[in-house]
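Below is one structure, written out as C-alpha cells; the observations come after it.
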Amino acid sequence: MTGKRAFITGITGQDGYYLTRLLLEQGYDVHGLVRRTSSMPRRRIDQLREEMPDYAERITLYYGDVTDASGVIRIVMEQEPDEVYNLAAQSHVRVSFDNPAYTQAVNADGCLHLLEAVRLLNQRKPVKFYQASTSEMYGGIPGTAPQSETTPFHPRSPYASAKVAAFHHTVNYREAYGIFACNGILFNHESPLRGENFVTRKITLAAARIRAGLQSQLALGNLDVMRDWGYAGDYVEAMWLMMQQDESDDFVIASGETHSIRELLDLAFGAVNLDWQDYVVIDKRYLRPTEVEFLRGDASKARRVLGWQPKTSFEELVQMMVDSDCQLAADERRRECS
Ligand code: NAP
Ligand code: G4F
C-alpha cells in the first residue's frame, strides 16, 4: 500500500477506468467525481468493481461537475488528495462544433477550477496536478514531421481551443505558484472501452455487428485523415509516471506511427473476414467544419525522462477491440434470439 490518495475527474470515462485500475494496483485510494444524470452512466466503474472485488472499497465517488467551482474546491479541500488527475472533458471533437460554449466551460474553465482547488490545498500540503492535454492542440500544423513538446499549437475545433487554454492555465499555475502541474499531451488512445462514437470503436463494433448479422451498413465521414493510435492501458501508465517525477513538466505520449482510417477499416473488417468497401457509406453529418488531417507524435522525451514506451501495437489494439466487440455482438444476438 502506498497510502496515497488520488482524485480523478472523468473517472467514468475510458481513461478513468484504466487509470483507476492502475492506481488501485499501486495501492492508492481512489476518489472520483461523477456527474448526476438520470441514467447513472457508471458501467466502466461497475465493471472495475466486479473485476477487482478486493479493491472495490477503495473507490469513493462524489457527485459533482467541473463547471461548478465551489463544489470541486470543497471536495478537494475536504479529501486532501496527494494527486489530482483532471480527465473530465466534453471529449468529442465533432460535438464541440455544436456545443462550443459548453465545451469551453468544461474543458477550459473546468481545468481552471481544479487548479484553483490545487493551489489552495497546496498551501496546506503538497499536491500534484495532471491535465489531460491532447494532440488535437497541434491541429492544423502543416507537413508530416512528428509533433513534439516544441511544436506550436494550431487548434482546429472548439474542443482543441479549449484544451489549449487549459494547457496554458496549467503551465501558468506551475510558474506562478510553484505547484506541481503537468500536461500529458496524449495522442489518440483507444480500447474496448472507447466510446462508441469515436471512429475506432465505431468501426470495430460495426465490423462485429455486421458479421453477426445485426447491422448492414457503416456510415462514416472523412476517410482521408491519419492518426497516431495507441492503447489506453499503456497511456495511463505515462500519466502516472509523470506524477512520480520530482519536477513537473509536459510530455507528448504517442506511438510514433501514423495510420489511415482505410488501414483501420482493412484490419478491423479483415479480422472478421469481410471487405469494408461492401458496407461503408459516406455521410456528410460526420464531417467537421475544420479537420485535423495528420497526427504523428514524437514521444522521445517521455522515453528518455519517464522510461515510458507503448507496449501494444496498432494491429494488436485493433484485434483486441474487434475480439471484444465480437463478444458483445454475440451476447446481443443471443438476447435477440431468446
Ligand atoms: P471520455 O471517455 O469521453 O470520458 C470523459 C469523462 O469526463 C467522463 O467520465 C465524463 O463523465 C466526464 N465529464 C464530462 N463532462 C464533465 C463535467 N462537466 N464534469 C465532470 N465530469 C465530466 O474521454 P477519455 O477518452 O477517457 O479521455 C479522458 C481525457 O483525456 C479527456 O479530457 C480527453 O479530452 C483527453 N484526451 C483523450 C484522448 C483519447 O484519445 N482518448 C487523447 C488526448 C486527450 P460522463 O461519464 O458522465 O459523461
Ligand atoms: O475518433 P475521432 O472522433 O477522434 P479525434 O477527433 O481524433 O479525437 C480524439 O482524439 C483526440 C486526440 O487527438 C482527443 F483529444 C479527443 O478527445 C478524442 O479522443 O476521429 C478521428 C478521425 C477524425 O479525423 C474524424 O473526422 O476520424 C474521422 N472520422 C471519419 N468518420 C470520424 C468518422 N470520426 C468519428 N468520430 N465518426 C465518424 O463517423
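The values are calculated or read from the model by the stated rules, or taken from the named source; none is laboratory data. Just so we're clear, the structure is a prediction, and the values are computed from it rather than from any experiment. Glycine also receives a Cβ, built like all others from the backbone with ideal geometry; neighbour counts cover every protein chain displayed.
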Fill in the blank from the handout: The correct count of residues that are out of contact with any Ser or Thr (no Cβ under 6 Å at 6 or more places or on another chain) and in a loop (DSSP other than H, G, I, E, B) in the stretch 286-314 is 14
Completion exercise
Counting only residues that are within 14 Å of ligand 1 (Cβ to nearest atom), buried (at least 20 other Cβ atoms within 10 Å of the Cβ) and in contact (Cβ under 8 Å) with a residue 40 or more places away in the chain, the stretch 144-166 contains a total of 9
Fill in the blank from the handout: Restricting attention to the stretch 1-34, the residues that are crowded, with 17+ Cβ neighbours inside 10 Å, assigned to a loop (DSSP other than H, G, I, E, B) and without any contact (Cβ under 8 Å) to a residue 60 or more places away in the chain number exactly 2
Problem - Which numbered condition L193 misses (of (1) near ligand 1 (Cβ under 9 Å from one of its atoms); (2) in contact with a Gly (Cβ under 7 Å, 6 or more places away or on another chain)) - result: (2)
Fill in the blank from the handout: Scanning the stretch 143-171 residue by residue, the ones that are touching a strand residue (DSSP E or B) at 6+ places or on another chain (Cβ under 9 Å) and of a type outside the set (A, V, I, L, M) total 12
Handout entry: Checking P53 against (1) surrounded by 12 or more Cβ atoms within 10 Å (Cβ to Cβ); (2) under 24 Å from T2 (Cβ atoms); (3) at pLDDT below 95, the condition it does not meet
Key = (1)
Fill in the blank from the handout: Here the residues within the stretch 216-236 that are surrounded by 19 or more Cβ atoms within 10 Å (Cβ to Cβ) and of a type in the set (V, I, T) are V236
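Somewhere in the stretch 94-102, is a residue among the hydroxyl-bearing types (S, T, Y), assigned to a helix (DSSP H, G or I) and more than 12 Å from ligand 2 (Cβ to nearest atom)? Steps first, answer last, please.
So the first thing to find is which residues in the stretch 94-102 are among the hydroxyl-bearing types (S, T, Y), and the list is 96, 102.
From the residues that got through so far, the ones that are assigned to a helix (DSSP H, G or I) too are 96, 102.
Going one step further and asking which of them are more than 12 Å from ligand 2 (Cβ to nearest atom), we end up with 102.
The answer is yes, given that some residue of the stretch 94-102 is among the hydroxyl-bearing types (S, T, Y), assigned to a helix (DSSP H, G or I) and more than 12 Å from ligand 2 (Cβ to nearest atom).
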